[in-house]
């Protein structure tokens with residue numbers, strides 16, 4: 001077999017390499033070689049197939065933004081029937097786990113120790129306040145401010161229980177004149193899993209595209225095998241495409257597997273099409289793979305490549321993509337940084353395709369942004385790799 005056809009042969013001068021035509025046989029040989037190498041590497045299999053499953057299970061079950069069964073105390077200082085009914089209303093909701101008490105000192109220490117997140121006091125003069133024509137507070141709500149979101153939930157939900165209880169009594173002075181019935185689009189049950197799991201797919205793709213690519217290619221630089229490949233008649237473009245295509249395929253397989261887990265196991269609806277999901281994933285892999293390639297070309301060291309991939313790829317995708325934290329709530333200078341993070345656009349599109357459907361007016365700007373960022377990474381990585389060929 002001709003050595004040139006499989007990409008192995010004598011070294012070519014930089015001028016000869018620049019003028020060499022693109023050869024599909026060499027490219028296929030390089031893809032085959034890289035695929036076999038990836039399949040024989042246990043770390044690649046672990047990162048590509050095992051780690052995504054673990055991460056999805058963690059974000060689906062261990063990480064939750066839902067507030068349920070919050071532990072609070074209900075201090076019943078009054079003995080009247082109305083006070084007893086209100087205390088029963090607090091105990092009857094599935095969002096609160098109530099500890100009953102007769103004195104606030106019984107629950108105050110539990111709030112300090114963290115066993116309770118707050119307590120509601122139904123005062124001794126509750127019946128008098130209820131019958132009074134002068135508007136005044138019926139109960140006192142004390143919450144643990146060290147957890148602001150939970151504290152706000154306890155205060156608002158306690159107020160809602162009191163208002164609902166008053167409305168159920170049917171008194172004209174107590175019942176609200178306006179009945180509000182909120183409706184939530186895209187996630188009517190307000191389950192955080194339905195937003196977290198699509199975002200977790202973006203984290204998985206970042207790990208496969210950026211971290212795995214940076215580690216594998218940096219390892220070749222470290223061992224000296226990359227120089228051997230660069231000395232063959234294959235062009236820089238053939239070498240780069242040959243190395244990246246197997247990891248692109250791994251990323252697409254991971255997308256399909258993650259989508260199957262999301263819909264079949266975690267019961268997250270996929271209201272959009274599989275074609276839209278695969279298109280979004282394929283375009284996101286352009287900046288992810290390009291960033292991993294650039295990191296490996298610059299560092300040529302596995303440890304350093306892993307650290308840079310972690311701080312420039314994984315952490316920004318985790319913290320600054322809108323996956324866990326609202327971008328609009330961040331300082332303006334942080335919001336400006338998020339525009340150069342590909343995961344920002346991928347997370348938004350993934351949540352749209354899962355929870356809303358194929359909304360191409362949302363997809364197209366995101367696809368364009370990811371493509372531009374990816375091309376930027378590839379141009380710099382290709383330039384850096386070409387310089388490595390120069391004597």
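Table for the structure above
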read-out: Qualifying residue in the stretch 85-103 (condition: free of Cβ contacts under 8 Å to residues at least 60 places away in the same chain, more than 30 Å from residue 255 (Cα to Cα), surrounded by 17 or more Cβ atoms within 10 Å (Cβ to Cβ) and within 34 Å of the chain's Cα centre (by Cα)); value: yes
read-out: Criterion: buried (at least 17 other Cβ atoms within 10 Å of the Cβ) and either out of contact with any strand residue (DSSP E or B) (no Cβ under 7 Å at 6 or more places or on another chain) or under 21 Å from residue 379 (Cα atoms) (or both) - qualifying residue of 307, 302; value: 302
read-out: Qualifying residue in the stretch 109-121 (condition: under 15 Å from residue 84 (Cα atoms), touching a strand residue (DSSP E or B) at 6+ places or on another chain (Cβ under 7 Å) and surrounded by 15 or more Cβ atoms within 10 Å (Cβ to Cβ)); value: yes
read-out: So residue 269, is it surrounded by fewer than 17 Cβ atoms within 10 Å (Cβ to Cβ) and in contact (Cβ under 8 Å) with a residue 24 or more places away in the chain; value: yes
read-out: Residue that is nearest to residue 95 (Cα to Cα), among those in the stretch 165-195 that are at pLDDT below 85 and part of a helix (DSSP H, G or I); value: 193
read-out: From 282, 259, 317, 297, residue being out of contact with any strand residue (DSSP E or B) (no Cβ under 7 Å at 6 or more places or on another chain), farther than 20 Å from residue 371 by Cα, at pLDDT 90 or above and assigned to a helix (DSSP H, G or I); value: 259
read-out: Filter pass, residue 31 being modelled with pLDDT of 50 or more, in a helix (DSSP H, G or I) and closer than 30 Å to residue 323 by Cα; value: no
read-out: Of the criteria (1) within 23 Å of residue 276 (Cα to Cα); (2) modelled with pLDDT of 90 or more, which one residue 322 fails; value: (2)
read-out: Subset tally (residues that are closer than 11 Å to residue 198 by Cα and outside any loop (DSSP other than H, G, I, E, B)) for the stretch 262-274; value: 2
read-out: Number of the condition not met by residue 224 [criteria: (1) at positive phi; (2) touching a helix residue (DSSP H, G or I) at 6+ places or on another chain (Cβ under 9 Å)]; value: (2)
read-out: Top-ranked residue in the stretch 141-163 [being in a strand (DSSP E or B) and touching a residue at least 24 places away in the same chain (Cβ under 8 Å); ranked as surrounded by the most Cβ atoms within 10 Å (Cβ to Cβ)]; value: 143
read-out: Candidates 342, 316 - the one that is surrounded by 13 or more Cβ atoms within 10 Å (Cβ to Cβ), closer than 30 Å to residue 236 by Cβ and in contact (Cβ under 8 Å) with a residue 40 or more places away in the chain; value: 342
read-out: The stretch 322-371, residues that are outside any helix (DSSP H, G or I), under 16 Å from the mean Cα position of the chain (by Cα) and within 20 Å of residue 209 (Cα to Cα); value: 322, 323, 341
read-out: Among (1) touching a strand residue (DSSP E or B) at 6+ places or on another chain (Cβ under 9 Å); (2) touching a residue at least 40 places away in the same chain (Cβ under 8 Å); (3) under 27 Å from residue 195 (Cβ atoms), the one test that residue 69 misses; value: (2)
read-out: Residues being surrounded by 13 or more Cβ atoms within 10 Å (Cβ to Cβ) and under 30 Å from residue 248 (Cβ atoms) - total across the stretch 40-84; value: 15
read-out: Complete set of residues in the stretch 211-250 that are closer than 18 Å to residue 342 by Cα and either at pLDDT 90 or above or not in a helix (DSSP H, G or I) (or both); value: 248
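The values are calculated or read from the model by the stated rules, or taken from the named source; none is laboratory data. None of these values were measured; they are calculated from a predicted model. For neighbour counting, all protein chains shown are included, and Cβ atoms are generated from backbone atoms with ideal geometry for every residue, glycine included.
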